[in-house]
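Report on the structure given below.
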Amino acid sequence: MSSVTQRIKEIKQPYGGYIKPNEFEKIQFEDNKELSEENIHSSLVGLAVDYMTRYIMGSPVEEAFKISLLGAGLINDSKYAHKLLHNINGLDNKSIYNACKLVGYDVCVRAGPMAYKDVKTIDADDDTINNIRIMVDRSINFFEKYGPIIKDGFTFEGGYTKIIDSGDGDFLTSNTLWDFKVSSSTPKSQHTLQLLVYYLMGKNSIHNEFDNIEKLGIFNPRLNCVFLKNINEIPSDVIETVSKEVIGYNSKNKKMVSSDELTIAYVMKELQCTRYMVMKYYSEKGLPLKKVNNKYYITKAELYEWIMEIEEERKRQEKITFITLLISVIVCIIIFLILFKKMF
């Protein structure tokens with residue numbers, strides 16, 4: 001079985017794609033700002049834009065950077081991570097500089113601690129910082145024009161098949177399914193097919209919000225562009241072909257999980273990590289997955305209870321470390337006073 005992105009890479013599309021990118025309406029925003037060359041990896045820039053946008057739009061900073069903090073906890077570096085977090089207070093240079101470092105911990109969750117590289121080596125220059133600020137401003141402007149968001153970070157419980165068993169979307173507004181891209185190129189046929197697959201899986205999922213979706217959209221804050229396509233303009237034979245040959249739907253399809261059973265794909269999205277890391281949490285950290293017919297499930301209540309337990313354990317370990325350090329300091333002071341008294 002495959003994820004949506006893996007499945008799409010396997011598909012040989014017709015010339016130009018099932019949905020040609022040039023058929024999307026292009027809406028160019030203008031702010032008379034140009035981006036410069038960046039000196040850190042594009043994935044870090046993308047994460048910084050994403051998390052800073054959430055923060056500036058009202059999410060608590062701890063919530064916006066929760067995956068970064070979780071990653072830091074996995075390598076026992078929470079103290080430095082929280083120091084970075086406490087220095088994020090807006091869109092000033094210092095805040096964005098610290099955000100770029102903080103998102104470096106995400107790799108610990110997504111790919112495992114072995115992939116981690118010291119975040120202290122992440123040294124975003126002024127051009128990179130300014131680029132991120134511009135893209136966050138553009139994202140906020142986009143939300144003001146096309147929002148509000150009614151659902152984000154969603155998976156497709158009930159819409160998966162024997163061919164595709166994982167995949168997640170970015171966000172929904174009242175009538176549009178959106179995907180965020182922070183690349184330097186315009187959408188490709190893989191991106192437009194991905195959106196169509198998300199839509200069809202959403203229609204077959206437990207999420208009723210997809211019943212009102214009329215458009216597919218991509219927003220790219222680097223290009224400051226929106227790309228839109230009316231779903232009713234997509235030929236019915238294309239929808240039927242993608243449904244059957246790409247996703248694996250047929251007239252006998254039934255929902256694969258109930259509304260209170262979440263797949264590993266949901267856990268991957270919630271923790272923003274790989275399947276490997278989910279199974280590692282299962283085998284080593286007590287994630288309470290249950291196996292049914294060679295597939296793993298968990299209820300939402302069980303998942304969030306486990307997350308809270310992990311967070312409590314992290315806080316407990318920090319408290320133990322603090323108390324140990326305090327005792328060590330007190331002992332050192334006592335020894336010093338004894339020695340001082342003997343000297344005089």
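The values are calculated or read from the model by the stated rules, or taken from the named source; none is laboratory data. No experiment lies behind these values; they were computed from the predicted model shown. Cβ coordinates were reconstructed from backbone atoms using ideal geometry, including for glycine residues, and neighbour counts include every protein chain displayed.
Say we look at segment 78-94 and pick out the residues that are in contact with a Phe, Trp or Tyr (Cβ under 9 Å, 6 or more places away or on another chain) and buried (at least 21 other Cβ atoms within 10 Å of the Cβ); which of these is nearest to residue 274 (Cα to Cα)?
Among those residues, the one meeting the criterion is 81.
Search segment 312-335 for residues that are surrounded by 10 or more Cβ atoms within 10 Å (Cβ to Cβ) and pair each with any residue that is part of a helix (DSSP H, G or I) when their beta-carbon atoms are under 6 Å apart and the residues are at least 6 apart or on different chains.
From segment 312-335, the pairs are 314/73.
Quick check: anything in segment 226-237 over 30 Å from residue 32 (Cβ atoms) and either among the hydrophobic types (A, V, I, L, M, F, W, C) or touching a Gly at 6+ places or on another chain (Cβ under 9 Å) (or both)? I'd like the intermediate steps shown before the answer.
Initially, segment 226-237 is screened for residues over 30 Å from residue 32 (Cβ atoms), giving 230-237.
So of that shortlist, the ones also either among the hydrophobic types (A, V, I, L, M, F, W, C) or touching a Gly at 6+ places or on another chain (Cβ under 9 Å) (or both) come out as 231, 234.
Within segment 226-237, one or more residues are over 30 Å from residue 32 (Cβ atoms) and either among the hydrophobic types (A, V, I, L, M, F, W, C) or touching a Gly at 6+ places or on another chain (Cβ under 9 Å) (or both).
Name the single residue that is farthest from residue 121 (Cα to Cα) among those in segment 31-43 being surrounded by 12 or more Cβ atoms within 10 Å (Cβ to Cβ) and either out of contact with any Lys or Arg (no Cβ under 8 Å at 6 or more places or on another chain) or of a type outside the set (A, V, I, L, M) (or both). Break it down stepwise before answering.
Initial filter on segment 31-43 (surrounded by 12 or more Cβ atoms within 10 Å (Cβ to Cβ)): 33, 35-36, 38-43.
Filter once more, keeping what is either out of contact with any Lys or Arg (no Cβ under 8 Å at 6 or more places or on another chain) or of a type outside the set (A, V, I, L, M) (or both): 33, 36, 38-43.
Details: 33: 28, 36: 21, 38: 15, 39: 12, 40: 10, 41: 12, 42: 15, 43: 15 Å.
So the residue we want is 33.
Let's see how each residue does on (1) β-branched (Val, Ile, Thr); (2) crowded, with 16+ Cβ neighbours inside 10 Å:
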{"residue": "114", "(1), (2)": "no, no"}
{"residue": "117", "(1), (2)": "no, no"}
{"residue": "125", "(1), (2)": "no, no"}
{"residue": "141", "(1), (2)": "no, no"}
{"residue": "148", "(1), (2)": "no, no"}
{"residue": "162", "(1), (2)": "no, no"}
{"residue": "169", "(1), (2)": "no, yes"}
{"residue": "173", "(1), (2)": "yes, yes"}
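Which members of segment 304-344 meet the condition of being over 30 Å from residue 71 (Cβ atoms), in a helix (DSSP H, G or I) and hydrophobic (A, V, I, L, M, F, W, C)? Step through it out loud before you land on a result.
Restricting attention to segment 304-344, the residues satisfying the condition of being over 30 Å from residue 71 (Cβ atoms) are 330-344.
Going one step further and asking which of them are in a helix (DSSP H, G or I), we end up with 330-343.
Of everything in segment 304-344, those that are over 30 Å from residue 71 (Cβ atoms), in a helix (DSSP H, G or I) and hydrophobic (A, V, I, L, M, F, W, C) turn out to be 330, 331, 332, 333, 334, 335, 336, 337, 338, 339, 340, 343.
Limited to segment 286-303, what total is found for residues that are under 22 Å from residue 68 (Cα atoms) and either in a loop (DSSP other than H, G, I, E, B) or of a type in the set (S, T, N, Q) (or both)?
2
What number of residues within segment 210-235 are farther than 16 Å from residue 245 by Cα and surrounded by fewer than 16 Cβ atoms within 10 Å (Cβ to Cβ)? Before the answer, list the steps.
Pass one, segment 210-235, residues farther than 16 Å from residue 245 by Cα: 210-234.
Those left that are additionally surrounded by fewer than 16 Cβ atoms within 10 Å (Cβ to Cβ): 211-212, 214, 230, 232-233.
Selection size over segment 210-235: 6.
Considering each residue of segment 44-77, count those that are surrounded by fewer than 14 Cβ atoms within 10 Å (Cβ to Cβ), modelled with pLDDT of 90 or more and either of a type in the set (Phe, Trp, Tyr) or closer than 19 Å to residue 132 by Cβ (or both), and give that number.
The total comes to 0.
Please work out which residue is modelled with the lowest pLDDT, limiting yourself to segment 8-22 and to residues that are surrounded by 14 or more Cβ atoms within 10 Å (Cβ to Cβ) and part of a helix (DSSP H, G or I).
8
So, residue 55, is that one more than 30 Å from residue 325 (Cβ to Cβ), of a type in the set (Phe, Trp, Tyr) and either part of a helix (DSSP H, G or I) or in contact with an Asp or Glu (Cβ under 9 Å, 6 or more places away or on another chain) (or both) or not?
Working: more than 30 Å from residue 325 (Cβ to Cβ): yes; of a type in the set (Phe, Trp, Tyr): yes; either part of a helix (DSSP H, G or I) or in contact with an Asp or Glu (Cβ under 9 Å, 6 or more places away or on another chain) (or both): yes.
For residue 55, the condition - more than 30 Å from residue 325 (Cβ to Cβ), of a type in the set (Phe, Trp, Tyr) and either part of a helix (DSSP H, G or I) or in contact with an Asp or Glu (Cβ under 9 Å, 6 or more places away or on another chain) (or both) - is met.
Considering segment 147-175 alone, what residues qualify as being in contact with a Phe, Trp or Tyr (Cβ under 7 Å, 6 or more places away or on another chain) and among the β-branched types (Val, Ile, Thr)?
149, 155, 161, 173
Tell me, which helices (runs of 4 or more DSSP H) lie completely within segment 67-130 with 1 or more residues that are under 15 Å from residue 51 (Cα atoms) and charged (D, E, K, R)?
Values: elements: 78-85, 93-102, 106-110.
Helices (runs of 4 or more DSSP H) meeting the threshold: 93-102, 106-110.
Would it be correct to say that residue 301 is surrounded by 15 or more Cβ atoms within 10 Å (Cβ to Cβ), at pLDDT below 85 and of a type in the set (Gly, Ala, Ser)?
Details: surrounded by 15 or more Cβ atoms within 10 Å (Cβ to Cβ): no; at pLDDT below 85: yes; of a type in the set (Gly, Ala, Ser): yes.
In short, no.
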